[in-house]
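The values are calculated or read from the model by the stated rules, or taken from the named source; none is laboratory data. None of these values were measured; they are calculated from a predicted model. With ideal geometry, Cβ positions are generated from the backbone for all residues, glycine too; neighbour counts draw on all protein chains shown.
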Amino acid sequence: MQTAKGWIVFLVMGVFLISGCTAALVGGAAVGAGSGTYFFINGDMKTDYYHSFDATWSACQKTIADMRGVDVQPEKEIGKGKISALIDVEKVQISVTYKAKNVTTVSVRVGLIGNKLSSQLIHDKIADNLVKK
C-alpha cells in the first residue's frame, strides 16, 4: 500500500513537470508585496504596479539614477520599454510592459543568472518612487 501511494505521488509530480507548471517548478519563489506579488522565475523578478505606464517608466528611470547607474541605455516604445545599466559593476535590466489601464508589469534582472535579493531591492525602490509621485 505504501509503494502504491509513492508511485501516485511520483506520477502526479511527473505530470506537473512535463506540462510545464511553473507553480510546481517555482515552489516558494513568490514573495508577498504591497503592490502585488513578486515572482522570481528564471532569474527575473516580476510584479505588477497599479500605476500608468509613463509613471512607472519614470519611477524606473529615477531608481536607476538614484542608485548611480552608469552606461544607462533606455529603449522605450509604445507600451513597452527596457532600461539596461551597470550598478555597482552588476548588469541590471529593467523591462516595463503596459498590461492594462493603470497596470504595468515590471521585470528586474540583476547579473547574468539573476540575483533575488538585489532584484527585490530595486523593486522596493521603484515602489517608493511611485508613491512619492
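Of the residues that make up region 90-99, is at least one out of contact with any Gly (no Cβ under 8 Å at 6 or more places or on another chain) and of a type in the set (Asp, Glu)?
no
Looking only at residues in region 104-133 that are among the aliphatic types (A, V, I, L, M) and in contact with a His (Cβ under 8 Å, 6 or more places away or on another chain), which one is surrounded by the fewest Cβ atoms within 10 Å (Cβ to Cβ)?
LEU130
Looking at (1) assigned to a strand (DSSP E or B); (2) in contact with a helix residue (DSSP H, G or I) (Cβ under 6 Å, 6 or more places away or on another chain); (3) not hydrophobic (A, V, I, L, M, F, W, C), find the lone condition where SER84 falls short.
For SER84, the failing item is (2).
Specify the residue that is nearest to ALA55 (Cα to Cα); the eligible residues are those in region 88-133 that are of a type in the set (D, E, K, R) and under 10 Å from the mean Cα position of the chain (by Cα). Outline the logic, then answer.
Residues of region 88-133 that are of a type in the set (D, E, K, R), as a first pass: 88, 90-91, 99, 101, 109, 116, 124-125, 128, 132-133.
Next cut, under 10 Å from the mean Cα position of the chain (by Cα) only: 109, 116.
Working: ARG109: 20, LYS116: 24 Å.
The selected residue is ARG109.
I'd like to know if region 1-23 contains one or more residues that are within 14 Å of the chain's Cα centre (by Cα) and either modelled with pLDDT of 65 or more or loosely packed, with under 12 Cβ neighbours inside 10 Å (or both).
No.
Regarding region 89-97, can at least one residue be identified that is crowded, with 18+ Cβ neighbours inside 10 Å, of a type in the set (Gly, Ala, Ser) and either assigned to a strand (DSSP E or B) or on the phi < 0 side of the Ramachandran plot (or both)?
Scanning region 89-97, I find at least one residue that is crowded, with 18+ Cβ neighbours inside 10 Å, of a type in the set (Gly, Ala, Ser) and either assigned to a strand (DSSP E or B) or on the phi < 0 side of the Ramachandran plot (or both), so the answer is yes.
Kindly provide the set of residues from region 98-133 that are in contact with a strand residue (DSSP E or B) (Cβ under 8 Å, 6 or more places away or on another chain) and either of a type in the set (D, E, K, R) or in a strand (DSSP E or B) (or both), ordered by number. So that I can check it myself, show each step before the final result.
In the first step, residues of region 98-133 are kept if they are in contact with a strand residue (DSSP E or B) (Cβ under 8 Å, 6 or more places away or on another chain); the result is 98-99, 103-112, 114-116, 118-120, 122-123, 126-127, 130.
Answer for region 98-133, where residues must be in contact with a strand residue (DSSP E or B) (Cβ under 8 Å, 6 or more places away or on another chain) and either of a type in the set (D, E, K, R) or in a strand (DSSP E or B) (or both): TYR98, LYS99, VAL103, THR104, THR105, VAL106, SER107, VAL108, ARG109, VAL110, LYS116.
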